[in-house]
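These notes concern the structure reproduced below.
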Amino acid sequence: MSSKRKNRPNPRTVADGYSLSDERNAVIGPDIDFNYNDSEKAKREADPHLPNPDDPRFKQSHEGEHRGDFGALRSQQKISSTVLIWAACAALNSCNLGYDIGVNTVAGPRLMTYMNLSDLELGMFYGSINLFAMVGSCGVFYFTEKFGRLKSFIGAAILFIIGTIIQSSAGNYPCLMVGRVFVGLGVGCGLCLDPMYIAEITPAANRGEIVTWSEIALNIGITLGFCAGLVFGSLDDSISWRLMFSAGVIMPIIVIFLAYFVMAESPRWLISKGKDEKGRRILQKVYGKGYDISPIVLDIKESLERESISGKSMGWDAVIFPSPAYRRMLLVGIGAAVAQQAVGIEAIQYYLEIILKEAGLEERSLKMSLILIGLGLLKLLAIVIGGKLFDRMGRRPILFISLCGVAGALFFLSFNFF
């Protein structure tokens, strides 16, 4: 058996680019541009986006939005104001986590003094949100698929409001942690919803940049949390941290209003539920009048079919016993997510006021507050620049540049206090 045949994936392995719905018919139509492929043979015979480039001239899959509005046609595809408004509304949901990080940076030391908390108790209060957010993110798929994206947005905002009210009115540490449970659940749901919804209502040509709005909103929330410290920081410790926490209900209330009266349901979810006409109307608003959305609707349906076949044919086997291609996907996806947290950015942000105090700044001073706000704005600027480059430079170069910068910053920070 030839090595080419031996290494060929199982035809039922969707993760390797196959699905039972693939049409293996010859392509009839104009020649395909293969200039982006390194293989001379593939330039002549096969499209590398096909399920199996070893067998050339199969019918092209991934038509519609994954082809017709990307690459060279990017400059011709003007993103509509409707998409920008909906994406901005969804991104506001990420402000909740950002505000929690920012406000706890300044409220944590005051809370520690008022409740006489130990370092361990404060650390558990800070870190537990990630544990509860994991639970929320695991359950959000069920709710989004059953009830839709908009109702899930509202549910996540309600959880955050309940948790914020409990935290701001807490009289002891156990009550404070109960509030933390609700805040974490709301944050976990929201962080999964934002990029999902934005990706589903944004044309592929602009998706990389617009999805970063979620991260931009998160850092706007961090900066707003720092601003809350500036506004309420001069008050007595018994009331300042409560007011800082209470201000956190403003953003989720705005998200609920926007979900009811401004945002539209995800066209992908509507089509998955058989509501094609509603999905078409929303897609027409996304792409503008006169744009042929029929290939996009077909592409969504084929994608949903592939996902269904994948789930039924493989299930958890794809994760527990992954194929080589799927193993690479898991390593990249999970590895990137782990690396994002393993660098310790959240720990640095939560303890930023304490770190600056150790660096010699006066605790709870105007200078301290302004430096915190300045750092928040600096990070926000870096994310805006990165978002502009995602669809131009590609993800990999920016990821490598970012990781090198993070490594250098952590090295400098670690040795600065010796």
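The values are calculated or read from the model by the stated rules, or taken from the named source; none is laboratory data. For clarity, every value in this text was computed on a predicted model and none was experimentally measured. Glycine gets a Cβ as well: all are built from the backbone with ideal geometry, and neighbour counts include every protein chain shown. Heavy atoms of the whole protein, side chains included, go into the accessibility calculation; ligands, DNA and RNA do not. Shrake-Rupley method; radii C 1.70, N 1.55, O 1.52, S 1.80 Å.
Out of Ser128, Ser137, one residue alone is at pLDDT below 90, out of contact with any Pro (no Cβ under 9 Å at 6 or more places or on another chain) and of a type in the set (Gly, Ala, Ser). It is Ser137. Would it be correct to say that Tyr197 is among the hydroxyl-bearing types (Ser, Thr, Tyr), within 17 Å of Val249 (Cα to Cα) and within 18 Å of the chain's Cα centre (by Cα)? Answer is no for this residue. Restricting the stretch 342-396 to residues that are touching a helix residue (DSSP H, G or I) at 6+ places or on another chain (Cβ under 7 Å) and among the hydroxyl-bearing types (Ser, Thr, Tyr), the residue that is farthest from Phe411 (Cα to Cα) is Ser369.
Residues that are among the small types (Gly, Ala, Ser) and either open to solvent by less than 50 Å² (accessible area, probe 1.4 Å) or modelled with pLDDT of 95 or more (or both) within the stretch 160-176 comprise Gly163, Ser168, Ala170, listed in sequence order.
Consider Leu117 carefully, then state whether it is open to solvent by less than 30 Å² (accessible area, probe 1.4 Å) and either out of contact with any His (no Cβ under 8 Å at 6 or more places or on another chain) or over 25 Å from Val255 (Cβ atoms) (or both). Here the answer is yes, as Leu117 does meet what is asked. Restricting to the stretch 375-418, count the residues that are hydrophobic (A, V, I, L, M, F, W, C), closer than 16 Å to Ala347 by Cβ and within 20 Å of the chain's Cα centre (by Cα). Summing the residues that are hydrophobic (A, V, I, L, M, F, W, C), closer than 16 Å to Ala347 by Cβ and within 20 Å of the chain's Cα centre (by Cα) in the stretch 375-418 gives 1.
Inside the stretch 252-268, residues that are buried (at least 20 other Cβ atoms within 10 Å of the Cβ) and either in contact with a strand residue (DSSP E or B) (Cβ under 9 Å, 6 or more places away or on another chain) or within 19 Å of Cys227 (Cα to Cα) (or both) make up a count of 1. Mind telling me which of the residues Leu375, Leu356 ends up being part of a helix (DSSP H, G or I), open to solvent by 60 Å² or more (accessible area, probe 1.4 Å) and not acidic (Asp, Glu)? Answer to the selection: Leu375.
Criterion applied to Ile320, Ile296 was being of a type in the set (A, V, I, L, M, F, W, C) and open to solvent by less than 40 Å² (accessible area, probe 1.4 Å), and the one residue passing it is Ile296. Would you mention how many residues in the stretch 276-298 are part of a loop (DSSP other than H, G, I, E, B) and in contact (Cβ under 8 Å) with a residue 12 or more places away in the chain? Count: 2.
Against the definition (open to solvent by less than 10 Å² (accessible area, probe 1.4 Å) and free of Cβ contacts under 8 Å to residues at least 60 places away in the same chain), how does Gly179 come out, yes or no? It is true that Gly179 is open to solvent by less than 10 Å² (accessible area, probe 1.4 Å) and free of Cβ contacts under 8 Å to residues at least 60 places away in the same chain. Return the pairs, sorted by first residue and then second, in which the second residue is of a type outside the set (Gly, Ala, Ser) and open to solvent by 90 Å² or more (accessible area, probe 1.4 Å), the first residue lies in the stretch 303-320 and is modelled with pLDDT of 65 or more, the beta carbons are less than 6 Å apart, and the residues are 6+ apart or on different chains. Here the result reads Ile309/Leu20, each pair linking the stretch 303-320 to a residue that is of a type outside the set (Gly, Ala, Ser) and open to solvent by 90 Å² or more (accessible area, probe 1.4 Å). Would you mind stating whether Ile79 is touching a helix residue (DSSP H, G or I) at 6+ places or on another chain (Cβ under 8 Å), open to solvent by 10 Å² or more (accessible area, probe 1.4 Å) and at pLDDT below 90? So Ile79 passes the test. If you go through the stretch 201-251 and pick out every residue that is open to solvent by less than 20 Å² (accessible area, probe 1.4 Å) and hydroxyl-bearing (Ser, Thr, Tyr), you end up with 5. Given the structure, is Cys192 part of a helix (DSSP H, G or I), buried (at least 17 other Cβ atoms within 10 Å of the Cβ) and at pLDDT below 90? Yes: the conditions hold for Cys192. Any residue in the stretch 96-120 that is aliphatic (A, V, I, L, M) sitting within a Cβ distance under 7 Å of a residue that is part of a loop (DSSP other than H, G, I, E, B) and modelled with pLDDT under 90? List the pairs, counting only those 6 or more apart or interchain. Once the first residue is aliphatic (A, V, I, L, M) and sits in the stretch 96-120, its partners that are part of a loop (DSSP other than H, G, I, E, B) and modelled with pLDDT under 90 give Val106/Gly233.
The criterion of being farther than 25 Å from Phe226 by Cα, in a helix (DSSP H, G or I), in contact (Cβ under 8 Å) with a residue 12 or more places away in the chain and in contact with a helix residue (DSSP H, G or I) (Cβ under 8 Å, 6 or more places away or on another chain) holds for Leu399.
Filtering the stretch 335-353 to residues that are among the small types (Gly, Ala, Ser) and not in a helix (DSSP H, G or I) leaves only Gly344.
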